[in-house]
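Visitor: Got a structure for you, questions after.
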Amino acid sequence: MRIAMVGSGYVGLVSGACFADFGHSVVCVDKDPAKIESLRAGRMPIYEPGLEALVAETVRQGRLTFRTDLTEAVAQADAVFIAVGTPSRRGDGFADLSYVYAAAREIAGALTGYTVVVTKSTVPVGTGDEVERIIREAAPDADVSVVSNPEFLREGAAIGDFKRPDRIVVGADEARAAEVMNEVYRPLYLNQAPILVTSRRTAELTKYAANAFLATKITFINEMADLCERVGADVQAVARGIGLDNRIGSKFLHAGPGYGGSCFPKDTLALVKTAQDAGSPVRLVETVVSVNDQRKRAMARKVIQACGGAVRGKTVAVLGLTFKPNTDDMREAPSLAIIAGLQDAGATVRAYDPEGMEQARTLLPDLAYAEDPYDCAEGADALVIVTEWNAFRALDFERLHGLMAAPVVVDLRNVYRPQDLEAKGFRYTGVGRPEGVTVR
Ligand code: UDX
């Protein structure tokens, strides 16, 4: 199969490289000449484990190329994927579809022969209809089908998720388009990934429903964690106790500082808006959005409390800035609200992150950045773990005890066991594990 990938951001690049790895011939297109140039030179615009090597290998084998112009790639393609960004629109929270529509218009002008145009970007229900309308208006004679094929990749695990997906959802209203998509994903049959062929609108909604459900699961356990702190219970034991019930499942029940990232916050908000517009509000998801927003700021208050009720004039060391480990992505990261809350309360904040500091510097310019966790902790009145990077899982607490001004640890990811750190002379605060309740 010949594939054109329009948009070489996170989704486009990972999908393009994986399709090329499957044996397809892929052209990744992007309007940004600097990005294309650096990709050609083997430099990745994002940090994703395994991506650089996969790109290098598929380029070497001649199945992956990069272009700034889509004309030739689209003309030759059996399937053209739209994988451009859909940021939240400022002001109203709707997904901004201008990039998707602009791509559709441009693709229309370059189509030759039967082509399947696939929306991979996360788009509200009905966007496929609009993409089809735009293409038919711009190219009335084009032989084209418009399909929805949402992605479910997690940052940091995207390549594994792509190659061994739980399922593939294809929203195709025409049988011949579904056949092309079957060909595109045929290599995954080996991994026995089920391909669900649905209507286009169903596929579009499935993506939002999946993300909203996962966001709800996280928010549920976060509220349970707060309750655990009040009633003297251990949220990790509660999560295990409910998660072993197959109907619930144990994943996405890890309490923490609230979800962030490029998907959950944006997609839950977009679903809320779509549902309101359709006259069928999703009140549960509306509540999840607001509970999660408030939670991030509340984590700053948790740190202040751990510091004895005030942080004015104190130094707080923050470990982990990205919204989760194994990414350099700072979008909607809980660290942003937590650090702002601490600074507003008069604290000096020093931070360290293995991959996120470059992006963080533009978002948090008046922050001191450290060389490593120990440099970060030196002279600090509290150490706060915000992101559970592996590098923070086996810290040398004896050394930290000697470095810090006060032995206070706030572990917002429950990386450590309270009794272990207490034995090392620290005052420890986790999430949903009040003093004396953890038994393991
Ligand atoms: C998510 C979806 O998992 C993926 O299917 C979709 O395509 C894009 O959005 P991603 O945003 O990369 O992926 O990260 P994910 O691992 O899902 O984590 C999202 C957020 O939830 C992070 O901030 C993470 O820290 C938080 N989280 C996750 C929890 O707080 N607790 C959990 O148990 C799981």
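Laboratory data are not the source of any read-out in this text; all were calculated from the coordinates shown. In this text the structure is predicted, and so the values were computed from the model without any measurement. Positions of Cβ are generated from backbone atoms using ideal geometry, with glycine treated the same way; all protein chains shown enter the neighbour counts.
Visitor: Would you work out the Kirkwood radius for the chain? I mean one over the mean of 1/r across all pairs of different Cα atoms, in Å.
Guide: 23.4
Visitor: If you don't mind, another one. For segment 92-135 and segment 320-343, what is the separation of their C-alpha centers, rounded to whole Å?
Guide: Going from one Cα centre to the other spans 32 Å.
Visitor: Starting from the Cα of residue 31, draw a straight line to each of the lysines and keep only those under 30 Å, dropping any in the same chain fewer than 8 residues away.
Guide: 120, 163, 207, 266, 273, 324
Visitor: Just to verify a number: FRET efficiency for residue 163 and residue 72, C-beta to C-beta distance, R0 = 22 Å, to 0.05?
Guide: 0.20
Visitor: What does the helix-only formula give at 222 nm for the chain: each DSSP H stretch with n ≥ 4 adding -39500 (n - 2.57), the total divided by the residues, and the result rounded to the nearest 500 deg cm²/dmol?
Guide: -13500 deg cm²/dmol
Visitor: Shifting gears a bit: Using r as the Cβ-Cβ distance of residue 89 and residue 394, and R0 as 56 Å, what FRET efficiency do you calculate, to the nearest 0.05?
Guide: 0.85
Visitor: OK, next. In debye, nearest 20, what is the charge dipole magnitude of the chain about its Cα centre with +1 on Lys and Arg Cβ and -1 on Asp and Glu Cβ, if you could check?
Guide: My answer is approximately 840 debye.
Visitor: In whole Å, what are the extents of segment 62-103 along the principal axes defined by its C-alpha atoms, from largest to smallest?
Guide: 43, 17, 16
Visitor: Give, in nm to one decimal, the length gained when the segment between residue 56 and residue 419 is fully stretched (0.36 nm per residue of separation minus the Cα-Cα distance).
Guide: Difference between extended and current length: 126.0 nm.
Visitor: Still on this structure, I have one more. For residue 209 paired with residue 276, estimate the spin-label separation in nm (one decimal), with each label point 7 Å from Cα along the Cα-to-Cβ line.
Guide: Taking the simple label geometry, residue 209 and residue 276 are separated by 2.3 nm.
Visitor: Collect residues whose amide H, placed 1.01 Å from N in the peptide plane, falls under 5 Å from the amide H of residue 385; neighbours closer than 5 in sequence don't count.
Guide: Answer set, sorted by chain and number: 319, 410, 411, 412.
Visitor: Under the rule a/c < 1.5 gives rounded, and otherwise a/b versus b/c splits prolate from oblate, where does segment 2-198 land using the Cα gyration tensor?
Guide: In terms of gyration-tensor shape, rounded.
Visitor: Between segment 254-294 and segment 359-420, what's the alpha-carbon centroid distance in Å?
Guide: A separation of 30 Å, based on Cα centres.
Visitor: If you add up the charges near residue 428, with Lys and Arg at +1 and Asp and Glu at -1, over every other residue whose beta carbon is less than 14 angstrom from its beta carbon, what do you get?
Guide: Summing Lys/Arg as +1 and Asp/Glu as -1 gives 0.
Visitor: For labels at residue 46 and residue 176 in the simple 7 Å Cα→Cβ model, what's the distance in nm?
Guide: Each label point is offset 7 Å from its Cα along the Cβ direction, giving 3.4 nm.
Visitor: How would you classify segment 62-170 from its alpha-carbon gyration tensor, with a ≥ b ≥ c the square roots of the eigenvalues: rounded for a/c under 1.5, else prolate if a/b is greater than b/c, otherwise oblate?
Guide: oblate
Visitor: Further, regarding this structure: Using Cα springs under 10 Å in a Gaussian network model of the chain, which residue among 109, 62, 258 shows the largest mean-square fluctuation?
Guide: For the chain, modelled as a Gaussian network with Cα springs under 10 Å, the answer is 62.
Visitor: Next question. Report the residue, chosen from 244, 64, 364, that carries the largest GNM mean-square fluctuation when the chain is represented by alpha-carbon nodes joined by springs under 10 Å.
Guide: Maximum among the listed residues: 244.
Visitor: How charged is the neighbourhood of residue 159? Take every other residue with its Cβ under 10 Å from the Cβ of residue 159, and add Lys/Arg as +1 and Asp/Glu as -1.
Guide: Summing Lys and Arg as +1 and Asp and Glu as -1 gives -1.
Visitor: With springs only between Cα atoms under 10 Å, which of 276, 419, 76 fluctuates most in a Gaussian network model of the chain?
Guide: The residue that fluctuates most here is 276.
Visitor: With a 10 Å Cβ neighbour count serving as the proxy for reagent exposure, in which order, fewest first, do 25, 145, 15 appear?
Guide: Taking fewest neighbouring Cβ atoms as first place, the list is 25, 145, 15.
Visitor: Related question: Test of understanding: what is the full-extension gain from residue 193 to residue 130, defined as 0.36 nm times their sequence separation minus their Cα-Cα distance?
Guide: Going from the current span to full extension adds 19.7 nm.
Visitor: In whole angstrom, and with the biggest value first, how far do the Cα coordinates of segment 232-429 range along each principal axis?
Guide: Computed over the Cα atoms, the extents are 58, 40, 31 Å.
Visitor: Rounded, prolate or oblate for segment 1-57? Axes are the square roots of the Cα gyration tensor eigenvalues, ordered a ≥ b ≥ c, and the cut-off for rounded is a/c under 1.5.
Guide: Oblate, since a/c reaches 1.5 and b/c is not below a/b.
Visitor: Among 15, 159, 4, whose Cα projects farthest towards the positive end of the dipole of the chain, with charges put on the beta-carbon of Lys, Arg (+1) and Asp, Glu (-1)?
Guide: 159
Visitor: Just to confirm a number: summing +1 for Lys and Arg and -1 for Asp and Glu over residues other than residue 372 whose beta-carbon lies under 14 angstrom from that of residue 372, what do you get?
Guide: The answer is -4.
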